[in-house]
Amino acid sequence: LYVKAEGAFDEALALEPTSDVALAGAGALAAARHDFAGALDLASRALTENPHSATALAVRADALTELGRYDEALDVLRAMADVRPGVDVSTRASYAFELRGDVDRARAALEEAAAIATLPGDIAFAHHHLGQIAFSLGDLDEARRSYDAAVGADPSYLPAVAGRAAVLAASGDATAALAELRGVVERLPLPEFLIAYGELLEATRQVEQAREQYAVVRATQALFAANGQDVDTELALFEADHGTPAAAVAAAAAAYQLRPRSVVTQDAYAWALHKAGRSAEALPVARDALRLGWRNPAMLARVGTIEAAAGDPAAARRLLAEALALNPSFSPLHAPRAAALLASLR
């Protein structure tokens, strides 16, 4: 309900233009809409009024991260730790460490968050992301334990249910995974869950049913856009994999113009260019997306595929092998394609 939230914040700021609470809240809304430059501006204005606003610091850290200004984001996290140490700092620090490939520190920060959290949603959030890290490293048993702990803390926390479905699919139980994902999308039809469901349907040769889910993805993204949310990066990856290359490039280029140093945006832009037959143009962007050392098997596989298409089979083999060594079942649709490409290069 972003439009209603915007109206409430506008009214609050009309009553008190220097309210750090209203400015920080408006910044959080801007971040939710993926207007990270706007979020950064609002958070900075809030911090001018109240340098100790934990909410404004959190918005500033998130905005800097999404804009690809990673070192600045770490500085803000240190300031947050001084103002109000706790779950908000630990979970954000975990993501900062994970992006840099420091999995041990990322895990430790999440374990700390889970230990100090008191709200069921916060506990579930921490365990869910522990599961995400374990899954990305191919530790399916640990991932399942973490997802189960998240659901145990908060049964309504559906991202962990979707994570559990990913473990089931990776373990070879596609039927159970589809049942879990079906329950998730019926209750919370967000694009990330719809895409996961559709790709598992496609991987199990239920192509028409998969297309139905992809149609819902487009409808959902249109609803988000109508309510002011920037969906360019997510739309780019989706269109690159399941739509048209032209639409993927258009969405990715718009995101890249706004956030050219974000590794997530670079990954999406490079993949869209590759799918449009512009692999040589994609290559430097794709390589730069790996500069932090993020151990993300899906991203590594995409960059490896671009390397192969651009004419560097040695780099392609190295990246594809690394992706599949981390988790040979990172995706029911894309992991087999990466494995097939690697085999052909060998």
Hull surface divided by four, with the convex hull built on the Cα atoms of the range 90-214: how many nm²?
7.4
Rounded to the nearest 10 degrees, what's the angle between the helix 36-49 long axis and the longest principal axis of the chain, both from Cα atoms, 0 to 90?
20
Do you know the relative contact order of the range 206-346, to the nearest whole percent, from alpha carbon pairs under 8 angstrom that are 6+ apart?
14
With the contact rule set at Cα under 8 Å and sequence spacing of 6 or more, what percent relative contact order holds for the range 32-118?
21
Label-to-label distance, nm, for residues given as Val3 and Ser171 (7 Å Cα→Cβ offset)
4.4
What does the highest-first list of 181-189, 59-67 look like by mean Cβ count within 10 Å?
59-67, 181-189
Expressed as an acute angle from 0 to 90° and rounded to the nearest 10, what is the orientation of the C-alpha long axis of helix 207-226 relative to the principal long axis of the chain?
20
Per residue, the convex hull enclosing the Cα atoms of the range 56-157 spans a volume in Å³ of 96
Dipole of the chain, positive direction: furthest Cα of Leu190, Tyr256, Thr48, with charges on the beta-carbon:
Tyr256
How many Å³ per residue does the convex hull of the Cα positions in the range 1-115 occupy?
99
Charge dipole (debye, nearest 20) of the chain; +1 at Cβ of Lys and Arg, -1 at Cβ of Asp and Glu:
980
Bin width 5 Å, alpha-carbon pairs only: give the P(r) of the range 198-276 as whole percents, running from 0 to the bin holding the largest distance.
3, 18, 23, 21, 20, 10, 4, 1
With unit charges on the beta carbons (Lys and Arg positive, Asp and Glu negative) and the dipole taken about the Cα centre of the chain, which residue among Leu237, Val217, Phe36 sits farthest to the positive side?
Leu237
Within the accessible area of the range 128-264 (1.4 Å probe), percent carbon and sulfur
55
Cα convex hull of the range 158-311 - mean projected area over all directions, nm²
9.5
The helix 103-116 Cα axis meets the longest alpha-carbon principal axis of the chain at an angle in degrees, between 0 and 90 and rounded to 10, of 50
What's the whole-number percent of alpha carbon pairs in the range 196-241 lying beyond 12 angstrom?
63
Quick one: compute the contact order of the chain, relative version, from alpha carbon pairs under 8 angstrom and 6+ residues apart, as a percent.
12
Per 10 Å bin, what is the whole-percent P(r) computed from every C-alpha pair distance within the range 262-330?
25, 56, 18
Quick check for you: with a 1.4 Å probe and neighbouring chains kept, what is the accessible area per residue of the range 1-109, in Å²?
48
May I ask for the distance between the Cα centers of the range 147-175 and the range 32-67, given as a whole number of Å?
32
What accessible area per residue comes out for the range 210-346, rounded to a whole number of Å², with a 1.4 Å probe?
42
So what are the radius of gyration and Dmax for the Cα set of the chain, in Å?
20.2, 67
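The values are calculated or read from the model by the stated rules, or taken from the named source; none is laboratory data. The model shown is predicted, which means the values in this text are computed figures rather than measured ones. Every residue, glycine as well, gets a Cβ built from its backbone with ideal geometry; the counts of neighbours run over all protein chains shown. These area figures cover heavy atoms from the full protein model, side chains too; ligands, DNA and RNA do not enter into them. Shrake-Rupley method; radii C 1.70, N 1.55, O 1.52, S 1.80 Å.
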